[in-house]
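Asker: Sharing a structure with you now.
Where a number appears in this text, it was derived from the coordinates with a stated rule and is not lab data. Because the structure is predicted, anything quoted here is derived from the model rather than measured. Cβ atoms come from the backbone with ideal geometry, glycine included; neighbour counts cover every protein chain shown.
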Amino acid sequence: MRRPQRFVFRDRPHAVTEHERGSTSIQMVLLMPALFAVMFLGMQGALFYHARTVALAAAQEGVRTAAGLGGSGSAGARDAYAFVADAGGDDVLQGTQVRSSRSTTNATVSVTGRSLSVIPGWTPTVTQSASAPVERITQ
């Protein structure tokens, strides 16, 4: 019966030499902050984009109500606030403010708030607005 062969590595072409000791630690110290910065910037971009999208959708929802037949600026603002609350409220858009106006021909709703931030001391502001012609019956 044959015994399994044992491999002995005598000539290691990639052996660590004396002047390379600790190079992995130095590489980690230099590369890990860069890796974390890229990850945090990516997350911050995603949070900002999501807050911007929610603000725009809330403004569009509010302007649909304000521009509708028999609608008003206050009804549009109320619907915009309700949309932000349904989309996550302060977990998505903090300090939400809605400005709504309606004239005889045009309705405008503007939503402003602060996006969540993973970068300490920085809170980006998001402002989105939507306008639409007021519905009216003509003969």
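Asker: For the chain, take the longest principal axis of its alpha carbons; what is the angle in degrees between that and the long axis of helix 73-87, to the nearest 10 within 0 to 90?
Answerer: 20 degrees
Asker: Given Cβ point charges of +1 (Lys, Arg) and -1 (Asp, Glu) and nothing else, what value in debye, to the nearest 20, does the dipole of the chain about its Cα centre take? Each step should come with its number before you reach the end.
Answerer: Details: 13 positive and 9 negative charges, 134 e Å.
Once rounded to the nearest 20, the dipole reads 640 debye.
Asker: Going by how many other beta carbons lie within 10 Å of each one, how would you line up F40, F48, fewest first?
Answerer: Working: F40 13, F48 16.
Fewest-to-most Cβ neighbours within 10 Å comes out as F40, F48.
Asker: While we're on this one: Would you mind checking the tilt of helix 23-67 against the longest principal axis of the Cα atoms of the chain, expressed as 0 to 90 degrees and rounded to 10?
Answerer: Long axis of 23-67 versus the principal axis of the chain: about 20 degrees.
Asker: Give, in nm to one decimal, the length gained when the segment between M43 and Q97 is fully stretched (0.36 nm per residue of separation minus the Cα-Cα distance).
Answerer: Details: separation 54, 0.36 × 54 = 19.44 nm, distance 2.44 nm.
Result: 17.0 nm gained on full extension.
Asker: Still on this structure: Sort 72-84, 117-129 by packing, meaning the average of other beta carbons within 10 Å per residue, with the highest value first. Could you put the intermediate results ahead of the total?
Answerer: Values: 72-84: 20.1, 117-129: 13.5.
Answer by packing, highest mean first, reads 72-84, 117-129.
Asker: Same structure, new question: Pop a pseudo-label 7 angstrom from the Cα along the beta-carbon direction at both L69 and F36 and give the gap in nm to one decimal.
Answerer: A separation of 6.1 nm, rounded to one decimal place.
Asker: Can I ask one more? Given segment 22-133, report the % of alpha carbon pairs whose separation exceeds 17 Å.
Answerer: Working: 3582 of 6216 pairs.
The calculated P(r) of segment 22-133 puts 58 percent of pairs beyond 17 Å.
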